[in-house]
Structure formats: C-alpha cells, structure tokens
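Here is the structure we will look at, set down as structure tokens.
The values are calculated or read from the model by the stated rules, or taken from the named source; none is laboratory data. Keep in mind that what you see is a predicted model, and the values were worked out from it rather than measured. FYI the Cβ positions are ideal-geometry reconstructions off the backbone, even for glycines, and counts take in every protein chain you see.
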Amino acid sequence: MNLDLPWSEYTYVAFDTETSGAYPVGYDIVEFGAVKWHKGQEVGRLQFLLKPRELMSDFIIGIHGITNEMVQNAPLMSEKVHEIYEFCKGSIVMAHHAPFDLGFLVADFEKSHLPLPQEPALCTSLLSRKWIHGVENHKLQTLVKHLNIDGGQAHRAYDDAKACLYVGLECFKKMGENITLSQIIKSQGKNLWWRDYSLQSLSDSKYKIIIEAITAKKDIDMIYQGGSAKGETRRLSPIGIVRNPDGDYLQAFCHKDKNAKRYYLNRIGDVAMVFA
C-alpha cells in the first residue's frame, strides 16, 4: 500500500468498542460504533449492541452504562463480525487508544477466520499528545471539550467514534494540508498494524494452552522467568492476553499473591492447564 499520498486521498474509519471487561479473549465487545470518512464527508456509519458470553459486572456497567438487559436480545459478534470487517476493509482505521480496540477486534476477526486487513491503523490518543496542547490530559472527553466538538454521549461507541474522527482531523489540520499518511504514522511515534494484534501468530504451544484456558475458564500452572519468584511454578487464573507495542502480556490472577498481575509473554516458560 502506498503510504506517501496526501492524507486527504485515503478513506478513514474511526471506530470505538465498548466491552464487557478489559482484556481480549476473556471478555467481549458489547457495542461497536464506527464512522467512515472520505474526502471531507461522512459516507457510512455502523452502530449496534452485541451480546457477550457472560453477564457484565456492575463496575463495567458503570463505565459505559450498557446494562445486561440492554444486550440480552442483541446479536452475537459472530452474527455481525463480517459486516464490521467489510466496513473497515480498505480503509485507514483510527481509534482513541487504538491498541485496546484493535486487540478485541482482531481476536474476533481471527475467531471467524477472516484475514487481517493490510492497512495501517492510527491512534488519536498518540496523535493528540503530539499535536494538541494546553489540555490537562488527552482523554477523549477532555479533547472533545477543548476542541468544542459535539461529542454526543460519552462512552457510547458511535458517539466516541465520531469524536475520535474529529480529534484525528484536527491533528491532521495542525500537521499541514499536504501531510502524507506515512508522515502521520511517523508523527504518532508507533507503527500500528492489524497483524501486530494477532493471537494466531503466537505459534508456540504454550500460548495456545493459555488461550484455551482463558476460554474454558481453567487455571494454569506456569513457570515465569521474572519477578521475585523467578523460575518457580505459579498457579494462575488467566484473564486475558494483550498484544501491546510496549510488550505483549498475560493478565492473570495469582493464587499465591491473591491479586491480578501482568506476565510478559517473552518471560513465560512451561505452561500446563489444571483440570482438577
């Protein structure tokens, strides 16, 4: 793909997900919203609720306001994933904290055996830190107020997607009218590609065991080459796997320490599922 054309020559899909929890594999997307933008105008939109595998906690409901009753009769992701895929295909996607949303969406694409898009992704959180100044933080709602954007209802997928789009467009404007896509990618400081969030590319059998354990809600015994108990076997309840530009990791509850911890994948040794 030629990344050296002026930014205005590409089609963009700004999207947002609301989820049943913080980590892919263990949790699900419960609302998807997206807006497609081409040559200065909105040319498409998607928004729908999705039914997760399990009931959501009060804590999660308190974040986005989507209740279990609201998604009780919603379609499953498997019924909507092809529509999402076709909507995004061929476009430059952008999201606020894009690694989070990409992680969830890639897991669902791969579950449905869909090839990952080849186009790069943009993160409006990273771009705003570079180009939007004079704000106390770079949360989406802070930027919405600072830029006087009609942000709609916060933490609802379509409204957040549209707000994300306008934050991105404001960053492009500050960079210059003829800025190229490759220059925008360089400006955000990190290359974000769909393939970077692939779980299928984690070919080692130990990662497949972990993913299977998360899905089946089974504990694992794992040797970890890090922390105070380096090289010792730990019993964990795995919660989710996060692929991240700063280091891929497993989030899991440690039975010995009685709390949830982050375990970097490159330090994980042998893994065995516990069936008892």
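This table checks each residue for (1) modelled with pLDDT under 95; (2) over 12 Å from the mean Cα position of the chain (by Cα); (3) not in a loop (DSSP other than H, G, I, E, B).
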| site | (1), (2), (3) |
| --- | --- |
| Phe87 | no, yes, yes |
| Gly90 | no, yes, no |
| Val93 | no, no, yes |
| Leu105 | no, no, yes |
| Asp108 | no, no, yes |
| His113 | no, yes, no |
| Leu116 | no, yes, no |
| Ala121 | no, no, yes |
| Arg129 | no, yes, yes |
Considering (1) touching a Leu at 6+ places or on another chain (Cβ under 7 Å); (2) assigned to a helix (DSSP H, G or I); (3) buried (at least 19 other Cβ atoms within 10 Å of the Cβ), say which one Arg195 fails and leave the rest. (3)
Do we find a residue being without any contact (Cβ under 8 Å) to a residue 40 or more places away in the chain and closer than 26 Å to Cys88 by Cα anywhere in segment 189-201? yes
Which fully enclosed strands (runs of 3 or more DSSP E) of segment 226-276 have 3 or more residues being touching a helix residue (DSSP H, G or I) at 6+ places or on another chain (Cβ under 9 Å)? 233-242, 249-254, 268-273
Residues satisfying the stated conditions in segment 161-187, i.e. of a type in the set (Phe, Trp, Tyr) and within 19 Å of Gly44 (Cβ to Cβ): Tyr166
Identify, from the list Leu165, Leu236, the residue that is surrounded by 19 or more Cβ atoms within 10 Å (Cβ to Cβ), at pLDDT 95 or above and under 26 Å from Ile92 (Cβ atoms). Leu165
Going through segment 150-180 in order, the residues found to be part of a loop (DSSP other than H, G, I, E, B) and among the acidic types (Asp, Glu) are Asp150, Glu177
